[in-house]
Amino acid sequence: MNPRYIFITGGVTSSLGKGLASAALGALLQARGFSVILRKLDPYLNVDPGTMSPYQHGEVYVTDDGTEADLDLGHYERFTGVSTRSSDYVTTGKIYSTVLAKERRGDYLGATVQVIPHITDEIKHFVTNETDGADFVLCEIGGTVGDIEGLPYLEAIRQLRNDLGRERTMFVHLTLLPYIPAAGELKTKPTQHSVKELLSVGIQADLLLCRSDRPIPVEAKRKLAQFCNVQSENVIAALDADNIYQVPLQYHEEGFDRQVCKFFNVEKPATGLNRWHKVVEDFKNPKAIVKVGIVGKYVQLLDAYKSIIQALAHGGIHHHILPELVWIDSESEDEVIRQLQNVDAVLVPGGFGERGINGKLAAAQYARENKIPYLGICFGMQLAVIEACRNQLGLKEASSTEFGPTKEPVVALLTEWASDAGVQLRTENSDLGGTMRLGAYPCALEKGSLAHQIYGKDLIHERHRHRYEVNKTYCEKLEKAGMHFSGFSPDGRLPEIMERTDHPWFVGVQFHPELKSRLFEPHPLFAAFVKAALDCRKN
Ligand code: GLN
């Protein structure tokens, strides 16, 4: 079957949650038995978000096939369970790179290369490529309608409506209805303007998804329908939710998926919603609460840790435990130690650069000495290894070459590794963009280890995003300090998992398990970590 395309644009303001809205619609269509693919088109000029600061962009999400992507892809995977791929994420930078490479190759010989049609054709190709027989392809257009950068995307989807017909394309516009206390009213004017803006580039919204902090009166819905030229049943309220996993159920009650099906003239009953009801109930009724301290550099912007937050929630739901997160800024060691007195478990997430490492080293030491469950992710593993070398083995200069030359390179630049694309080679002078060890790689687990017990498998595949690795020559010495490496790349060359034999639950992983945790498939490491937080609690 040819897929149907739903384009999700945003109006009025950014940060309305287009990613979540797209993910929730994907989940609702799945609940009706349709297959879905979700894609994101980002209008900025970076080729990918890999080189952007987390303060700019939040977390960088990584797909199995090694694409560095927007964090919305994480929502898509967590809600739908469908793994995203490089064909699901594009930026203007990527589109232009492709078009310019074609121009240099001579693919457009004779033509003047222009935004229309060359850039728009490339966008259309991205949208319609590798759809794998899905019933629906949901495409989220980043940014806000009215941004100059977004224009080629809007033009491309306008053309797609013309190419594919109304039967196969739908425009969903997510907007905000602000409440003005002095008037005591939700205001529709910004939405009217935004719909008009879309209309000025030839796109008539088919459905309005209206964010608001309170129920939308029938009158306001009627007004929006009339002025924005949509059917009144297609004005859907998107109210603020206590927990993101309630969003699909709220949308369903508002008739979002029913109206989408009606639009495309396809009808299947929503029989798959029970598991959503159950999970929301479980989430609301935990049997225990644990405090998990997260020691990081970006605690002012929690978007930097989006997948970790969700993976902890999923792990908690699995055991009916609610992890309460305590955000601890790694900049001050004293503050780290003070705050760790009150937590049941410590997580040190991924990170880059020397700033804030002392707080993270202190956290690893505190967890080790006080037998508090510790999960070190990527940087969090590397620093736990450095901490053990410095404080247990007496190697005072133990460090990572990421911070400059050192006599004890316990963590060092990854210069060579095998990937599906062949042997990867890197030097100090390699480009910074897209050159890390990225995407899913296999890891062999040692039988009888804690890691093996947690995963229940001999071989796992986890997603990576790092430039440095634990130097294997130190692994043997670390055994004496109670640190055991229980997971390696199948060729035995790259240490992937570390666990302490003298500690109830101390695990470090070189990869990012949080990227593979889903609501209905909680990641085993996070589930085990949250459980350990409860089991090891002293009082
Ligand atoms: N900065 C470290 C490296 O590049 C860790 C990266 C991370 O935590 N994702 O290896």
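Observations on the model:
- Counting only helices (runs of 4 or more DSSP H) that fall entirely inside segment 1-103 and contain at least 1 residues that are touching a strand residue (DSSP E or B) at 6+ places or on another chain (Cβ under 9 Å) and surrounded by 21 or more Cβ atoms within 10 Å (Cβ to Cβ), the qualifying elements are 18-31, 72-80.
- Highlighted here are the helices (runs of 4 or more DSSP H) found entirely within segment 159-259 that include at least 3 residues which are within 30 Å of residue 313 (Cα to Cα): 247-254.
- Residue, nearest to residue 95 (Cα to Cα), within segment 111-144, restricted to residues that are among the charged types (D, E, K, R) and in a helix (DSSP H, G or I): 122
- All positions within segment 396-434 that are surrounded by 16 or more Cβ atoms within 10 Å (Cβ to Cβ) and more than 15 Å from the ligand (Cβ to nearest atom): 398, 408
- When restricted to residues that are of a type in the set (A, V, I, L, M, F, W, C) and more than 9 Å from the chain's Cα centre (by Cα), segment 51-91 contains 4.
- Index of the failed condition, residue 312 passing every other in (1) crowded, with 22+ Cβ neighbours inside 10 Å; (2) more than 21 Å from residue 72 (Cβ to Cβ): (2)
- Here 251, 245 are screened, and the one residue that is in contact with a Phe, Trp or Tyr (Cβ under 8 Å, 6 or more places away or on another chain) and either hydroxyl-bearing (Ser, Thr, Tyr) or on the phi < 0 side of the Ramachandran plot (or both) is 245.
- Test: residue in segment 486-509 that is within 21 Å of the chain's Cα centre (by Cα) and touching a residue at least 40 places away in the same chain (Cβ under 8 Å): yes
For every residue, the table says whether it meets (1) of a type in the set (S, T, N, Q); (2) modelled with pLDDT of 95 or more; (3) away from the ligand (no atom under 15 Å from the Cβ).
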{"residue": "291", "(1), (2), (3)": "no, yes, yes"}
{"residue": "294", "(1), (2), (3)": "no, yes, no"}
{"residue": "299", "(1), (2), (3)": "no, no, yes"}
{"residue": "310", "(1), (2), (3)": "yes, yes, yes"}
{"residue": "333", "(1), (2), (3)": "no, no, yes"}
{"residue": "363", "(1), (2), (3)": "no, yes, no"}
{"residue": "367", "(1), (2), (3)": "no, yes, yes"}
{"residue": "374", "(1), (2), (3)": "no, yes, yes"}
{"residue": "394", "(1), (2), (3)": "no, yes, yes"}
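- Residue within segment 471-479 that is among the aliphatic types (A, V, I, L, M) and closer than 18 Å to residue 388 by Cα present: yes
- Flag for residue 437 being within 15 Å of the ligand (Cβ to nearest atom), surrounded by 14 or more Cβ atoms within 10 Å (Cβ to Cβ), modelled with pLDDT under 95 and closer than 29 Å to residue 501 by Cβ: yes
- Criterion: in a strand (DSSP E or B) and open to solvent by 30 Å² or more (accessible area, probe 1.4 Å) - qualifying residue of 291, 268: 291
- Subset of segment 4-18 (residues that are modelled with pLDDT of 95 or more and more than 17 Å from residue 195 (Cα to Cα)): 4, 5
- Single residue of 189, 223, 268, 278 found to be more than 28 Å from the chain's Cα centre (by Cα), under 27 Å from residue 35 (Cα atoms) and charged (D, E, K, R): 268
- The set of residues in segment 335-361 that are open to solvent by 60 Å² or more (accessible area, probe 1.4 Å) and within 14 Å of the ligand (Cβ to nearest atom) comprises 352, 354, 355.
- Meets criteria (out of contact with any Leu (no Cβ under 9 Å at 6 or more places or on another chain) and at pLDDT 95 or above) for residue 399: yes
The values are calculated or read from the model by the stated rules, or taken from the named source; none is laboratory data. It should be emphasised that the depicted structure is a prediction, and the values quoted were computed from it without experimental measurement. We place every Cβ from the backbone using ideal geometry, glycine too, and count neighbours over all the protein chains shown. Accessible surface areas use protein heavy atoms only, side chains included; no ligands, DNA or RNA. Shrake-Rupley method; radii C 1.70, N 1.55, O 1.52, S 1.80 Å.
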